[in-house]
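The values are calculated or read from the model by the stated rules, or taken from the named source; none is laboratory data. These numbers come from a predicted model, not from an experiment. Glycine also receives a Cβ, built like all others from the backbone with ideal geometry; neighbour counts cover every protein chain displayed.
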Amino acid sequence: MVSTRSHPQGDFPATEASPTKKTSRSSRNSTASPAPPDFDLSPTGAKLLAKRAVSNAASEISPPSPVEINEPTWCHTASKLTILWLSISMPLVLWDALYILLRPHTMAGGAIQWPIWKPYEVYAAIDHVYGWPGWNNRDGFGAAQGVLNAVELVLYGLYSMIVYNHGIPVASGTGVKAKGGFFSGGLKVRGKPGNRALIIGFAAAVMTLSKTVLYYCNEIFSDFKNIKHNDWFTVISLYGIMNGLWIVFPAYMTIVFGTDILEALDRTSEPSPKKRN
């Protein structure tokens, strides 16, 4: 006879499931994460952050070291951005200078206006310094800046000739060392020609920047008498932005060339190994 296991008879208290520790949703879903960076907002920390930002900016536009351009000593390097800007701006500045200095023959109805200076009718209607109102009022500021344009052209021409005749292609250009692509290269100019090119280019860039800022300031402090007849869109697009290019790029050249000059001076001021011994 097959016997089966029998359960004991009687009343027994119901058993309860053993309590388990509930895990919160946050603990189930949370994963170990690194602590957030500790930003020091104290005055000392702010100064350190500011110094780091300035250092990074200076490193970005600083001249390439001699090792980067395979040179035993310092030499001037013209970036492709500088070369590109000069190749575009120099013909435009020549066009502008001749228009100003040959007035009224280059103005509307003039003997030599067509076809070279015919497009200037549009700008002369926007900026009266270039139009008949400025000419009839004997406004000398336009002619004065035209003379400075001619001086700048001579300086930029000298700089370009030195770079063209003595420049050697290099993979790193001043001010655009880490950008890559087209703007990562430049032309290095060894020795005294490079020194002369740097000084000439720096002087020309400072002239262009100062003259353009002065042009804006002259208009601002004369109650916009030459452009206030325009609507805002025309003033911003055809006056502000277009002329502003002659602030942006000369400012870039001034900073880069100035940094280049400081780099050269710093290297010459370092004691040589013989003097140290």
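Take residues that are hydrophobic (A, V, I, L, M, F, W, C) and surrounded by fewer than 16 Cβ atoms within 10 Å (Cβ to Cβ) and tell me which of the helices (runs of 4 or more DSSP H) falling wholly in region 98-170 contain 3 or more.
140-166
Show the residue pairs meeting these rules: Cβ distance below 7 Å; 6+ apart or different chains; first residue within region 155-166 and farther than 12 Å from A204 by Cα; second residue among the hydrophobic types (A, V, I, L, M, F, W, C) and surrounded by 15 or more Cβ atoms within 10 Å (Cβ to Cβ).
Close Cβ pairs (under 7 Å, with a partner that is among the hydrophobic types (A, V, I, L, M, F, W, C) and surrounded by 15 or more Cβ atoms within 10 Å (Cβ to Cβ)) amount to I162/V189; I162/A197; V163/A78; V163/L187; V163/V189; V163/A197; H166/V189.
What's the number of the only condition in (1) in contact with a Lys or Arg (Cβ under 9 Å, 6 or more places away or on another chain); (2) surrounded by 16 or more Cβ atoms within 10 Å (Cβ to Cβ) that M253 fails to meet?
Checking M253 against (1) in contact with a Lys or Arg (Cβ under 9 Å, 6 or more places away or on another chain); (2) surrounded by 16 or more Cβ atoms within 10 Å (Cβ to Cβ), the one that fails is (1).
How about region 190-243: which of its residues are among the acidic types (D, E) and exposed (fewer than 14 other Cβ atoms within 10 Å of the Cβ)?
The answer is D223, D231.
Quick check: is even one residue across region 130-142 in contact with a Lys or Arg (Cβ under 8 Å, 6 or more places away or on another chain) and hydrophobic (A, V, I, L, M, F, W, C)?
yes
I need a count of the residues in region 51-82 that are assigned to a helix (DSSP H, G or I) and either modelled with pLDDT of 95 or more or closer than 19 Å to A264 by Cβ (or both).
Residues meeting the conditions: 5.
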